[in-house]
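Since the structure comes first, as structure tokens, the remarks are kept for the end.
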Amino acid sequence: MALRIYLDRDLPVSISAQLAGQIEYGIASGELKPGEQLPSVRELAMAEGVAHVTASHVYRTLKREGLITVRPGMGTYVADIGNGGRAGRQLGELRRLVDRMVEQALARSFSRVDISSMVTARLAASQRRRPIIALVGMFGPATEVYARDLRGWLSDSQPEVVCYTIECLRAGGTAEIARVCTADLILTVAHK
């Protein structure tokens, strides 16, 4: 197998998901060619230092998705998925974008775990149609005015702006603060 696998046991992503994802990426990007033989389950497990059952699960998942084929007595091979060059170019562009983002984050001393967690969180948040902004102010009426202005300034993304006052958060305790923390963005007065 020409693809190099990099497993990071410190990431909050399972080893089987990392392994399957990297093989899938190798296939989609063209690094692994249709018809190319893959290592056996045992060879993959030994090469990557994973349990035999983990490697077996990864291959079973990739087979179910139609990305690999198993020829009894002959081995496991990359399936011909037929989308070739275009998918590879698109994934190459995505890889370059992600590589730049990771390099910049690492240069700013963010950990690999922080980067992975943030990317996962942002992907989950991007499935929402409207961003949620928690606006925390000192006085209710003034905060509502700021919220109206904010909705106007950000009208293209149509955010849901939810208003809170500091007094309300203090009175509501941890439950109210937990609600604020579910927002995509929290804005408050600079001096608080």
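The values are calculated or read from the model by the stated rules, or taken from the named source; none is laboratory data. As the structure is a computational prediction, the values presented were derived from the model and not from experiment. Every residue, glycine among them, receives a Cβ derived from its backbone with ideal geometry; neighbour counts consider all protein chains shown.
Side notes on the structure shown:
- So Ile115, is it in a helix (DSSP H, G or I), of a type in the set (A, V, I, L, M) and modelled with pLDDT of 80 or more: yes
- Only one of the numbered conditions (1) at pLDDT 85 or above; (2) assigned to a helix (DSSP H, G or I) is not met by Leu135, and that is (2).
Table: residues versus (1) assigned to a loop (DSSP other than H, G, I, E, B); (2) on the phi > 0 side of the Ramachandran plot; (3) acidic (Asp, Glu).
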| position | (1), (2), (3) |
| --- | --- |
| Ile23 | no, no, no |
| Ala28 | no, no, no |
| Gly35 | yes, yes, no |
| Glu43 | no, no, yes |
| Ala47 | no, no, no |
| Tyr59 | no, no, no |
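- In the set (1) surrounded by fewer than 17 Cβ atoms within 10 Å (Cβ to Cβ); (2) without any contact (Cβ under 8 Å) to a residue 60 or more places away in the chain, Thr54 fails one condition alone, (1).
- Lone unmet requirement of (1) under 25 Å from Ala121 (Cβ atoms); (2) touching a residue at least 24 places away in the same chain (Cβ under 8 Å) for Gly30: (1)
- For region 28-36, the criterion of being out of contact with any helix residue (DSSP H, G or I) (no Cβ under 7 Å at 6 or more places or on another chain) and over 28 Å from Arg96 (Cβ atoms) is met by no residue.
- If you go through region 138-160 and keep only what is closer than 15 Å to Leu185 by Cβ, surrounded by 13 or more Cβ atoms within 10 Å (Cβ to Cβ) and not hydroxyl-bearing (Ser, Thr, Tyr), you end up with Ala147, Leu150, Arg151, Leu154, Pro159, Glu160.
- Comparison of Leu32, Leu7, Leu19 shows that the only residue that is surrounded by 13 or more Cβ atoms within 10 Å (Cβ to Cβ), over 18 Å from Arg60 (Cβ atoms) and of a type in the set (A, V, I, L, M, F, W, C) is Leu7.
- Selection from region 77-112 of residues that are part of a helix (DSSP H, G or I), modelled with pLDDT of 90 or more and loosely packed, with under 14 Cβ neighbours inside 10 Å: Arg100, Met101, Glu103, Gln104, Leu106, Ala107
- Taken over region 161-192, the criterion of being among the basic types (Lys, Arg) and either assigned to a loop (DSSP other than H, G, I, E, B) or exposed (fewer than 11 other Cβ atoms within 10 Å of the Cβ) (or both) is satisfied by Arg170, Lys192.
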